[in-house]
1. Any idea what the relative contact order of chain A is, in percent, if you count C-alpha pairs under 8 Å spaced at least 6 apart?
2. Given a cut-off of under 8 Å on Cα pairs at least six residues apart, what relative contact order in percent is computed for the range A:1-147?
3. Spelling out what I want: for every residue of the range A:16-24, take phi, set θ = phi - 60°, compute 6.51 cos²θ - 1.76 cosθ + 1.60 (Karplus), and round to whole Hz; glycine and proline get x.
4. Taking the Cα centre of the protein assembly as shown as the origin, how large is its charge dipole in debye, to the nearest 20, when only Lys and Arg (+1) and Asp and Glu (-1) carry charge on their Cβ atoms?
5. Count, for each residue of A:36-46, the Cβ atoms from other chains sitting within 10 Å of its Cβ, then give me the mean as a whole number.
6. Give me a single rounded figure for B:228-241: the average over its residues of other chain Cβ atoms within 10 Å of their Cβ.
7. Assign one of three labels to the range A:210-369, namely rounded, prolate or oblate, based on the Cα gyration tensor with a ≥ b ≥ c the square roots of its eigenvalues; rounded applies when a/c is under 1.5, prolate when it is not and a/b is larger than b/c, and oblate otherwise.
8. I need the peptides B:117-125, A:79-87 ranked by packing, meaning the mean over residues of other C-beta atoms within 10 angstrom, with the highest value on top.
Amino acid sequence: MTETGIGARVKRKEDFRFLTGQGTYTDDINRHGQAHACFLRSPHAHAKLGAINAAKAKAMPGVLAVFTHADLAADKVGGVPCGFGLTQKNGKPQIEPPHPALAAGKVRYAGDAVAMVVAETLAQARDAAEAIEVGYSELPAVVDTAGAPRAKSAVHDEAPNNVCFEWEIGDKAKTDEAFAKAANVSKLEFVNNRLIPNAMEPRAAVGEYDRATGNYTLYTTSQNPHVIRLLMGAFVLAIPEHRLRVVAPDVGGGFGSKIFHYAEEALVTWACRKVGRPVKWTAERSESFLTDAHGRDHVTKVELATDREGNFLGLRVHSIANLGAYLSTFAPMVPTWLYAPLFAGQYRTPAIHAEVIGVFTNTSPVDAYRGAGRPEATYVVERIVETAARDLKLDPAEIRRKNFIAPAQFPYTTPVVLQYDSGQYALAMDKACQLIDYKNFAKRKAEAEKRGRLRGIGFSAYIEACGVAPSAVAGAIGARAGLYEAGVIRFHPTGSVTVITGTHSHGQGHETTFAQLVSDRLGVPYDSIDVVHGDTDRIPFGMGTYGSRSIAVGGSALSKAMDKIVDKGKRIAAHLMEAAVQDIEFKNGAFRVAGTDKQKTIQEVAFAAYVPHNYPLNELEPGLEETAYYDPANFTYPAGTHIAEVEVDPQTGQVEVVDWAAVDDFGNVINPMIVEGQVHGGIAQGIGQALLEGCVYDDRSGQLVTGSYMDYCMPRADNLPSYRVDMTHTPCPHNPLGVKGCGEAGAIAAPAALMNAITNALGIKDLAMPATPERVWRAAQARGARAAE
Amino acid sequence: MYNFAYHRPGSLAEAERKLKAAADGRLLAGGQTLLPTLKQRLAKPSDLIDIGRLAELSFIKADGRSVQIGATTRHATVAASAEVRKAIPALAKLAGGIGDPQVRNMGTIGGSLANSDPAADYPAAVLALGATIHTTERAIAADDFFKGLFETALKPGEIIKSVSFPVPEKAGYMKFAQPASRFCMVGVFVCKAGSGVRVAVTGAGPCAFRQSAMEKALASNFSAAAIESVKVSPAGLNADIHCSAEYRAHLVGVMARRALTEANG
Amino acid sequence: MDLTGEYRIPADKERVWQALNDPDVLKACIPGCQSLERVSDNELKATVGLRIGPVSASFTGQVTLADLNPPDSYTLRGEGKGGAAGFGRGEAKVELSSENDETVLRYVANAHVGGKLAQIGSRLVDGAARKLADEFFAKFRDEVTKRAPPPAAAAAPAEERRPAAQPGPPPSADAAPPVAPLAPARGVPTWAWVIGLILVALILLLVFSRG
């Protein structure tokens, strides 16, 4: 290992510009003659849209245009498309109502855009938006997830009972049979609480049209600019791809919420041509709360059947998933294919059946949020496993060990479709128990009791399927795109390298990790390598970053491109050294003739390729640049065990997370510091979900009442413990780097670990997330009352 | 924001004149409430009179019997002040626990009091310590100052100049922060001084108020044990999505006991 | 949000009823009332300018009266619009009854706010609603007693208010101001919507704050 190669804790290249305020985010981009847009949004959750009178607004100073749905219709602007088509259990497609870019006929959530104002300045646009008169006639709002199918009101005429789909997976008969013979059935019913993503940078977009060429450019806060180009160009604006450039510059966090194609980015692209000026829009934080796609929001019943010894026999799950008012880009996939196939967890459960009902409500659209389906699945599995341990009076670590899939059983096909490729689950569990000193927990609990604190411990042995995704599988289940990745290695004549990737970094540190990977493999100094991402004009193609896919899929594409570089380099080196190609070895950045001390560095080879004075021109093209596309053979399956320890103050209900052990298996690791950072951040988000964050809509009016940081609680440093982080390394057997991906693991593992710990501390079966002080206090009161009896 | 005229007067007297001359003028001190309100377009003042940099309003003076703090003294300054830490450590602690570092570096004691947010920290200290609020027109006793939700005894055009806190024998402050905003869900300030025992609660009602049942119980025995049996009624207490009135009532008791333990510690 | 309230007014029911239908009385009682206009027998329109803490906003409101049963009860539905700040809407059932020479006014209201008010002001909605209702009725009582001498044995006007019933833990989202008030008289209803408006305005205002 070199100081900058694979396995080195290299400090991030990008941090200098980020930490000194020199990043270039979308809102930092100002185009000549730029105008500003603002959106008038519905204050109602559900209302018929009457007349929109914009006459006064249009006459106000600086106003260039006011657009409504009528203008879009006149221009044949399409609706916002969904990128996933789910097949229901009855074989019919999901119900997919139109999603107009500006509300047509009805508004369906508080925040639904009704009109777009473009003006010389932002203040003028806002003034004008206030002057638009809109006639609303309010309709009853559908808010409650579980109650949506029975609601008296329909969000969409196309779905009279608000059901978008009913879907199932697994073998129902076999599962019923398993339950029939079970000695014990453990049950839980709970809500997986709705979350609001809150990336540090709000969404923003700048659209620009070049009349000379007919080309459009969109700068936007996206995790996947090519996907936006595809969806927006093809489905919304009918702009062919060669005339549309989408740039996602520095992006300040996404967590999934910037995967999706949003109406605003299409509208600035459309409007910039209408007004003949570049148009910029940047969301206010209040707008982000209302209109960024939210996450989670399931109502679930789960049952686990076991024998007397705690061997799992069958698992049954029923979930209702809130999709919000419209289908966001990947909405139908998240609570189905990204969720239920994970119900085997790390266990040999032989029979599993799950049913999911997706419902429309008058709330912001719901889509993928860090972990996307897998945190929900892990919560289901790890909460019910913990419950079974308690029901059977078994040690929570033991019941898990007893049911783990053993290393010798891989590849292992679960009853819910997936084929796990590799894993050492007991090893991670053992390490985590050591890290947190599990055997002495009772002592710590007793000591805490003396201080008036209730100490609890909770496990979460999670698994996820990421590195998305094999395109054939994705297509078979309904994805309307492939999920491969592209990469380019471009040597320059003097030996520096530009690495081009279709993945996108919005906090993950790809510019560092990918440079390390290339430096290690090609022997080029780390500082001579730059990574380009986020611009459809500079990158051949790309599906972007989400689903912990960047290193597993994007890194693998680069690996393949490097193979091609080495192959070509050998042929050039063979020519230069007058040796046979098969005698050339490549190592440490140099091509050597085997068994001799003759060598040419890769820089010399690159120079020869670009200045081909002595070059096999009749066999080889000049230049040293290779492109590769990589489509994975399978998902990757990071897994591990997290253990949380908490102390509860029963007088106030305050929960303190006092310790945390995380042992994850991400396969091979390029930069352990960055990986640990991803784990830290993921756990913070998971702790946020379990302890602090809860999106609340008023259940009658459908108003978002946690619409600011006054009421929506993001995790802060003082909410978090110092983590004990370790890893096991079981290389992924089916990608060239043996990597699995690490971006979501923490957020997937953490909520279950924490809620298991809190319920353990309180000696109760279940508690709703987030475990707010009042909820915990009430549970502690009830416990005290029971103890007194 | 809507447009407004911005003034930065060079003296308090000039600020007073500007405020009185403005059609709908507002004072700007630390701006931690006003500016977010303006950004949300929830207010449309004609004029902002920025007194945040008036040197004559930013000071801390201690003479052994009292601590006087200028109106535009920042929370961070109070928290770090050696005089305050020595004379009334509970007050320094309170200032150090307001909001977050950004808020503490901008927010001012006068701004907080004039705003009288129901969940602000300072009102508890002012009320429990029996402070006096000095304005451009008069001196107002703490007991007469807080009138209701965002309502004080201040008249239009009246500007807070300073607050003087008598140095107590013992004092303690304990707050249970609302997790998201870190405002007080409940904050209780307890104080024992020559003049008697005072207990003030913030976060639980429309404005800070004194808890007389506890004061009575503590008069002869200033300890947590003395108020074990004091029941706090939830009737009339604030309720919101974070905290019911019943839970708030319970927290008043817990925070009061902990504040007493701290005061005695 | 649900809100209930009860006020004792030292005047007989007819007098209270009359006062409730006297635009001058109402205008005087509604904090910040700039204009008050009867649109039809059962409809009123008003403009109210409110300033609470850092917030100030102007609301236009409309109240419709229904289920009129003078002088005993009625229902009012009100809506106030505060422009960029949002809106408030609600319904209140008001009952008047006589007790010992006094009139007891009881209301049960449910209301919600929308827009920015709801999004950022939820913590203050209940408190603001209470404050407005109290302010209105305190003034109203003063006005009624000022305009007509109180009945002979006017006991001290004991006022009693019950805060909104809201037991239980926080999770469910209840954010809305109450619309409170009263009602109409035969023929010409008035004043009622007031409270609704006020509430709305208040809420808007409150919202932020860090001193």
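Read-outs: derived from the displayed coordinates by stated rules, not from any lab. This one's a predicted model, so the numbers in the text were calculated from it and none came from an experiment. Counting neighbours? That spans all protein chains shown, and the Cβs are built from the backbone with ideal geometry, glycine included.
1. The value is 15 percent.
2. Reported as a whole number, the value is 38 percent.
3. The phi angles translate into 4, 6, 5, 7, 9, x, 10, x, 10 Hz.
4. The calculated dipole for the protein assembly as shown is roughly 1660 debye.
5. If you average over the peptide's residues, the count of other-chain Cβ atoms is 2.
6. Details: counts 0, 0, 0, 0, 0, 0, 3, 3, 4, 2, 6, 12, 13, 17.
So the per-residue partner count for this stretch is 4.
7. prolate
8. Highest-to-lowest ranking by the protection proxy: B:117-125, A:79-87.
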